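Data block below; observations after.
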Amino acid sequence: VPVSKTHQWLEPGPIVLVTTAGRRAHNIMTMGFHMMVQHDPALIGCVIGPWDFSYNVLRKTKECVIAVPPVSLARTVVDIGNCSGEDVEKFEQFKLTPLQAKTVAAPLVAECLANIECRIEDTRLVNRYNLFVLRVSVLWANRKRLDPRKLHHNGDGTFSVDGRTIDLRERMVKWRELID
Ligand SMILES: Cc1cc2nc3c(=O)[nH]c(=O)nc-3n(C[C@H](O)[C@H](O)[C@H](O)COP(=O)(O)O)c2cc1C
């Protein structure tokens, strides 16, 4: 899928998974604090703190994959964010399938709705806010999923699931380029 479509996956604010490629094994964590920063080139801001094993790996390798999980992975998403790659081989533990990415060593997650290959673009806000700015290199969408609903963390361990879509495209008169 064209990288220019990245915002259509992240602007709704789904809970996401972040994969990294360490020296020993792949790792994966859960992330709720993210946002689109720019359309073209597609830039994403995300908060990954030094309390995460993934933090040092991301700083060192400068690349990761952001994966958008379907609602069927809800419990797994929470469990992934409640253990560390320091202690657990999470892909094995949670029976997730790592797939080779195109431009980064971090793996795609076969079970996810979308996978976004990213490289670090800017680290100037990391020391201050643990805020990484990532640039998207490849976007994958898994259109074969029967249930395309995403999950949204309410910030307290409860989650909302995608519901009804309201189509207001005809009113987007100033932003025609966003509409397919
Ligand atoms: C719902 C949920 C949302 C989370 N969001 C973030 C986040 O935005 N940033 C972050 O650094 N950690 C976040 N975490 C915590 C990490 O996923 C957690 O610390 C995880 O154990 C890190 O894995 P790692 O040590 O293998 O890197 C979240 C956890 C959960 C359950």
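Read-outs throughout are calculated quantities, based only on the coordinates presented, and are distinct from any laboratory measurement. What you see is a predicted model; the values in this text were computed from it and never measured. All Cβ positions, even for glycine, are placed from backbone atoms using ideal geometry, and neighbour counts span all protein chains on display.
Around the Cα centre of region 42-169, unit charges on the Cβ atoms of Lys, Arg, Asp and Glu (plus for the first two, minus for the last two) sum to a dipole of about 480 debye.
Taking Cα centroids, how far is region 1-17 from region 136-180 in Å? Centre-to-centre (Cα) distance: 7 Å.
Each principal axis of the Cα cloud of region 74-166 was evaluated for its coordinate range; sorted largest first, these ranges are 38, 38, 33 Å.
Want the number for Asp167 to Cys83: 0.36 nm per residue separation, take away the alpha-carbon distance, what's left?
Values: separation 84, 0.36 × 84 = 30.24 nm, distance 3.92 nm.
Gain on stretching Asp167 to Cys83: 26.3 nm.
Checking the table Lys62/Lys174; Lys102/Lys144; Lys5/Lys95; Lys62/Lys144 against a 27 Å threshold on Cα-Cα, which pairs fail?
Values: Lys62/Lys174 36 Å; Lys102/Lys144 20 Å; Lys5/Lys95 29 Å; Lys62/Lys144 30 Å.
Violating the 27 Å limit, Cα to Cα: Lys62/Lys174; Lys5/Lys95; Lys62/Lys144.
One-quarter of the Cα convex hull surface for region 1-57, in nm²?
For region 1-57, the mean projected area of the Cα convex hull comes to 4.5 nm².
Listed peptides 84-90, 62-68 appear in the order 62-68, 84-90 once ranked by packing, highest mean of other Cβ atoms within 10 Å at the front. When we measure straight from the Cα of Lys90, which aspartates and glutamates land under 13 angstrom away, once same-chain ones fewer than 8 places off are left out? Within reach: Asp79.
Note on Arg145 and Leu125: the extension gain reaches 3.6 nm, defined as 0.36 nm multiplied by sequence separation minus the Cα-Cα distance.
Projecting the Cα positions of Cys112, Thr30, Leu134 onto the charge dipole of the chain (unit charges on Cβ atoms of Lys, Arg, Asp and Glu, taken about the Cα centre) puts Leu134 furthest along the positive direction. When every Cα-Cα distance of region 10-91 is counted in 10 angstrom steps from zero, the calculated P(r) takes the values 17, 52, 28, 3 percent.
According to the calculation over all Cα-Cα pairs in the chain, the P(r) per 10 Å bin from zero is 9, 39, 38, 12, 2, 0 %.
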